[in-house]
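Chemist: Can you read through this structure? Questions will come right after.
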Amino acid sequence: MDFKKFKAATVQTSPVFLNVEKTIAKAISFIKDAHENGAQLIAFPEVFVAGYPYWNWIMTPVQGSKWYEELYRNSVAITDASLAPLFQAAKEYKMQVVIGINERGDSYGEIYNTNLIIDAKGNLVGKHRKLVPTWAEKLTWTSGDGSSLKVYETAVGPIGTLACGENTNTLARFTLLAQGELIHIANYISLPVAPPDYDMAEAIKIRAAAHSFEGKLFTIVSCSTISQEIKDALRADVPNVDELLTRKNSAFSGFIGPNGALIGEPLIDEEGIIYAEIDLAKCIQPKQMHDILGHYNRFDIFDLRVNTAPMRKITFVDNHEEFNN
């Protein structure tokens, strides 16, 4: 049996705020750097293309309305030409890419927080829509459904992904584990507006370690940062934006092994790209101790059912019957 060994990269940076083309160009520059450093997989932050709705946290819904419109205008469909350079870069640099986007829906009030999984041939092999927008995010994003709660086979191994707070959802995580996930991509945004006693960086690490330890797999975390550009864009509506969106320990990116321990040094608040060697064979021995997908569970007692049907907005039914005399 072939147990994959490869080098992975994770990015901690900010998008070019509400600018799809420039953010894609920025992502490609990181993909090129990762390739030159021997990586085969790279993870990018939540909704990296092209920004997070911070206005939901620091403005009233009425104030934030114009910003929602701006975000919708800078959201993307997976068939948009603006994404083509990203797919081409994955192919050119032979890179597995997981990246967050604001995915445009069919209705003008429909944006999804979506992670794309792109293979090293430049093919979109899957996407995951965040199941439940967290807290103030409900003002912006539409909920995903179970059809995207999948693990995808790639050249480096089986990959699953969840966005930000849904990495707290035990049932969602188990659904991925049960499909053979060995590489988990957890992407986040920097959240300085959390309650005063909430350490965002520590919370991210705890969630990643819990998933890795429970499932005996590798978790790769990618988190965004808040650039001065983002704060300056919002300043006209919120004069004290620097105070509201500046706080230590708001971003964490790094690697967690199947024993739940950090691999190398993480990035906390700082921008950059870091690397780790991934050896999937290291998942074997921990699973001998606690394999919640096999010997260390009781599926005759526990029965988790997951609705993987795509959500339908409408069902047309024609029950009219014609009778011939």
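Chemist: Name the trypsin sites (Lys or Arg not before Pro) in the range 224-254 that are in a loop by DSSP and that have at most 14 other C-beta atoms within 10 Å, would you?
Modeler: On the way: sites: K231, R235, R247, K248; in loops: R235, R247, K248.
Sparse-neighbourhood loop trypsin sites (Lys or Arg not before Pro): R235, K248.
Chemist: Moving to a separate point now. At q = 0.07, 0.09, 0.16 Å⁻¹, what base-10 log of I(q)/I(0) does the Debye formula yield for the chain when every alpha carbon is treated as an equal point scatterer in vacuo?
Modeler: Treating every Cα as an identical point scatterer, log10 I(q)/I(0) equals -0.28, -0.46, -1.40.
Chemist: Starting with the highest mean, order 136-149, 60-73 by the number of other Cβ atoms within 10 Å, averaged over the residues of each peptide.
Modeler: On the way: 136-149: 17.9, 60-73: 14.3.
Those peptides, ordered most packed to least, come out 136-149, 60-73.
Chemist: Using alpha-carbon positions, what is the distance between the centroids of the range 1-40 and the range 205-249, in Å?
Modeler: A separation of 18 Å, based on Cα centres.
Chemist: Now a separate question. Place the peptides 270-277, 16-23, 236-243, 206-213 in order of packing, highest mean first, counting for every residue the other Cβ atoms within 10 Å and averaging per peptide.
Modeler: Order by mean packing, descending: 206-213, 16-23, 270-277, 236-243.
Chemist: Hey, another quick one. Using +1 on the beta carbon of Lys and Arg, -1 on that of Asp and Glu, and nothing else charged, what's the dipole of the chain about the Cα centre, debye to 20?
Modeler: Roughly 500 debye, rounded to the nearest 20.
Chemist: Shifting gears a bit: Any chance you could count the Lys pairs in the range 1-115 whose alpha carbons are under 18 Å apart, treating pairs 8 or more apart or on different chains as valid?
Modeler: 10
Chemist: What percent does the relative contact order of the chain come to when contacts are Cα pairs within less than 8 Å and at least six residues apart?
Modeler: Normalised by residue count, the contact order of the chain is 20 percent.
Chemist: On the protein heavy atoms, probe 1.4 angstrom, tell me the percent of accessible surface of the chain carried by carbon and sulfur.
Modeler: Values: 8330 of 15410 Å².
It is 54 percent, rounded to a whole number.
Chemist: Give me the Debye-computed log₁₀ of I(q)/I(0) at q = 0.19, 0.21, 0.28, 0.29 Å⁻¹ for the range 206-270, equal point scatterers on Cα only, no solvent, two decimals.
Modeler: Normalising to I(0) and taking log10 leaves -0.72, -0.79, -1.10, -1.15.
Chemist: Another one. When DSSP beta bridges are limited to those with both residues in the range 98-256, what percentage is antiparallel, rounded to the nearest 5?
Modeler: 60
Chemist: Given contacts defined as C-alpha pairs under 8 Å and at least six residues apart, what's the relative contact order of the range 17-89, whole-number percent?
Modeler: Normalised by residue count, the contact order of the range 17-89 is 47 percent.
Chemist: Sorted by packing (mean other beta-carbon atoms within 10 Å per residue), highest first, where do 92-102, 122-132, 299-309 land?
Modeler: Top of the packing list down: 92-102, 122-132, 299-309.
Chemist: Evaluate the range 196-325: find the radius of gyration of its Cα atoms, find its Kirkwood radius, and give the ratio Rg to Rh.
Modeler: 1.24
Chemist: Could you state the accessible area per residue of the chain in Å², with a 1.4 Å probe and every protein chain left in place?
Modeler: Each residue of the chain exposes 47 Å² on average to a 1.4 Å probe.
Chemist: Average the reciprocal distances over every distinct pair of alpha-carbons in the range 252-325, invert the result, and give the Kirkwood radius in Å.
Modeler: By the Kirkwood definition, the hydrodynamic radius is 18.4 Å.
Chemist: Averaging over all projection directions, find the projected area of the Cα convex hull of the range 3-127 and quote it in nm² with one decimal place. Please report the intermediate quantities before stating the final value.
Modeler: Working: hull surface 32.2 nm².
Result: 8.1 nm².
The values are calculated or read from the model by the stated rules, or taken from the named source; none is laboratory data. Source: prediction; values computed, not measured. Glycine gets a Cβ as well: all are built from the backbone with ideal geometry, and neighbour counts include every protein chain shown. Each accessible area value is taken on the protein alone, full model and side chains, heavy atoms only, with ligands, DNA and RNA left out. Shrake-Rupley method; radii C 1.70, N 1.55, O 1.52, S 1.80 Å.
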